[in-house]
1. Would it be correct to say that Gly39 is of a type outside the set (Ser, Thr, Tyr), under 25 Å from Ser211 (Cβ atoms), at pLDDT 95 or above and touching an Asp or Glu at 6+ places or on another chain (Cβ under 6 Å)?
2. Going by the structure shown, is Val25 over 26 Å from Phe111 (Cα atoms), surrounded by 14 or more Cβ atoms within 10 Å (Cβ to Cβ) and touching a residue at least 40 places away in the same chain (Cβ under 8 Å)?
3. Given the criterion open to solvent by less than 50 Å² (accessible area, probe 1.4 Å) and within 16 Å of the ligand (Cβ to nearest atom), identify the matching residue among Pro20, Pro33, Pro56, Pro13.
4. For the range 116-133, which residues satisfy the criterion of being open to solvent by 10 Å² or more (accessible area, probe 1.4 Å) and either within 11 Å of the ligand (Cβ to nearest atom) or outside any loop (DSSP other than H, G, I, E, B) (or both)?
5. Quick check: anything in the range 100-108 surrounded by fewer than 20 Cβ atoms within 10 Å (Cβ to Cβ) and touching a Phe, Trp or Tyr at 6+ places or on another chain (Cβ under 6 Å)?
6. Go through the range 68-114 and report how many residues are within 23 Å of Gly17 (Cβ to Cβ) and not aliphatic (A, V, I, L, M).
7. Quickly run through the range 28-59 and pick out the residues that are over 30 Å from Phe237 (Cβ atoms) and touching a Lys or Arg at 6+ places or on another chain (Cβ under 8 Å).
8. Does the range 78-103 hold any residues that are in a helix (DSSP H, G or I) and over 19 Å from Arg172 (Cβ atoms), and which are they?
Amino acid sequence: MKAYEKNIRKADPYVPGEQPRHRAVKLNTNENPYPPAPGVRRALEQMETDRLRLYPDPEASELTEALAEYYGVGRDQVFVGVGSDDVLSMCFLTFFNSKKPILFPDITYSFYKVWAELYRIPYECCRLDEDFCMVKEDYYRENGGVIFPNPNAPTGIYENLAFVEDILSHNRDVIVIVDEAYIDFAGESAIKLLENYENLIVVQTFSKARSMAGMRIGYAIASPALIGYLNDVKYSFNSYTMNQTSLVCGVEAVKDRKYFEQTVRKIVDTREWAKERFRELGFVCLDSGANFIFVTHPEQDAKELFEALKEAGIYVRYWGSRRIEQYLRVTVGTREEMEKLFQFLRNKIRD
Ligand code: PMP
């Protein structure tokens, strides 16, 4: 090792799902198979390139206001960032500064561990039970903060608000972050609990239900005090996180509630239909409340299946890590895409 290397921050990075360059049935990164709301296209067509000479609004006021109105919260309760990854990373930096370990599930969004290590935050993982569910009592011990996704990823399991509130009520002295990237496909949001828990932060994204993964927009909703702390850290880091195009398109997406609800409905219907098809083929699927399904087959090796699918131009996600080495995560695509998947699986399994 060169002498200067010992002072370099080493990171064990998050590995994002593959983005193939050729056309593929892409069921590997939980994107929405439908386009964004029609207003987004119109906004892009009408976009003045001259506006790009100028810096964007550092406060992202229009987008923040649109979100505040949508969720019935104050403008000072919303923080926006470059995808929820950016928002979550800012939250780790801002709120997890204790010497005590933060807690999150052992099988969950793998980025949590990456940020904890990057920012030198001590952490402990709480084991999911034999049904891949979180055990709420594990979060009753002393800690430096709590974060979990609801629904969890990659299991897709949704816990109801009583469960979330139970964790909150046992963790009033630390910050609790509920990562709701997939909540729109599942059930009630913890936003409702904000009035009783000023230590709660709810994080959501435009990448899934709003079909805008390519625009990179995420947001946090919390008490004005916590949003204030987040903004102070953001302005200490980069004032202009949100680009002009994302700001304009984001507002259009939030405005179109009807399109959003229709798209979510289509995905949920396809998900429930797909669960039945998987079960007919002998797969075991967890009861996902998200826009993906976590599946395993008692007679098919998951890694081999993953590779065979890829060879056939069908991309799903495989990790091969402990306890989930026989599982595949399949994003819910259009009905046609899912038909292609099941056609392939039928042939493979009956061979
Ligand atoms: N949280 C969870 C649980 C996720 O699965 C993802 C998607 N990779 C994200 C957050 C981040 O999504 P984005 O940055 O696109 O908003």
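1. Values: of a type outside the set (Ser, Thr, Tyr): yes; under 25 Å from Ser211 (Cβ atoms): yes; at pLDDT 95 or above: yes; touching an Asp or Glu at 6+ places or on another chain (Cβ under 6 Å): yes.
When the stated conditions are applied, Gly39 passes them.
2. Details: over 26 Å from Phe111 (Cα atoms): no; surrounded by 14 or more Cβ atoms within 10 Å (Cβ to Cβ): yes; touching a residue at least 40 places away in the same chain (Cβ under 8 Å): yes.
Answer is no for this residue.
3. On the way: Pro20 fails: within 16 Å of the ligand (Cβ to nearest atom); Pro56 fails: within 16 Å of the ligand (Cβ to nearest atom); Pro13 fails: open to solvent by less than 50 Å² (accessible area, probe 1.4 Å).
So the residue among Pro20, Pro33, Pro56, Pro13 that is open to solvent by less than 50 Å² (accessible area, probe 1.4 Å) and within 16 Å of the ligand (Cβ to nearest atom) is Pro33.
4. Glu117, Leu118, Tyr123, Glu124, Cys125
5. Our first condition is that a residue be surrounded by fewer than 20 Cβ atoms within 10 Å (Cβ to Cβ); within the range 100-108, this holds for 100-101, 106.
When the remaining residues are screened for being touching a Phe, Trp or Tyr at 6+ places or on another chain (Cβ under 6 Å), the result is 101.
Yes: the range 100-108 contains one or more residues that are surrounded by fewer than 20 Cβ atoms within 10 Å (Cβ to Cβ) and touching a Phe, Trp or Tyr at 6+ places or on another chain (Cβ under 6 Å).
6. Number of matching residues: 17.
7. Initial filter on the range 28-59 (over 30 Å from Phe237 (Cβ atoms)): 28, 33-35, 37-39, 41-42, 45-46.
Correct list: Asn28, Tyr34, Pro35, Ala37, Gly39.
8. First pass over the range 78-103, keeping only residues in a helix (DSSP H, G or I): 83-95.
Residues satisfying the conditions are Gly83, Ser84, Asp85, Asp86, Val87, Leu88, Ser89, Met90, Phe92, Leu93.
The values are calculated or read from the model by the stated rules, or taken from the named source; none is laboratory data. Keep in mind the model is a prediction, meaning the values are calculated, not measured. Neighbour counts are summed over all protein chains in view; Cβ atoms, including those assigned to glycine, are modelled from backbone coordinates with ideal geometry. Heavy atoms of the whole protein, side chains included, go into the accessibility calculation; ligands, DNA and RNA do not. Shrake-Rupley method; radii C 1.70, N 1.55, O 1.52, S 1.80 Å.
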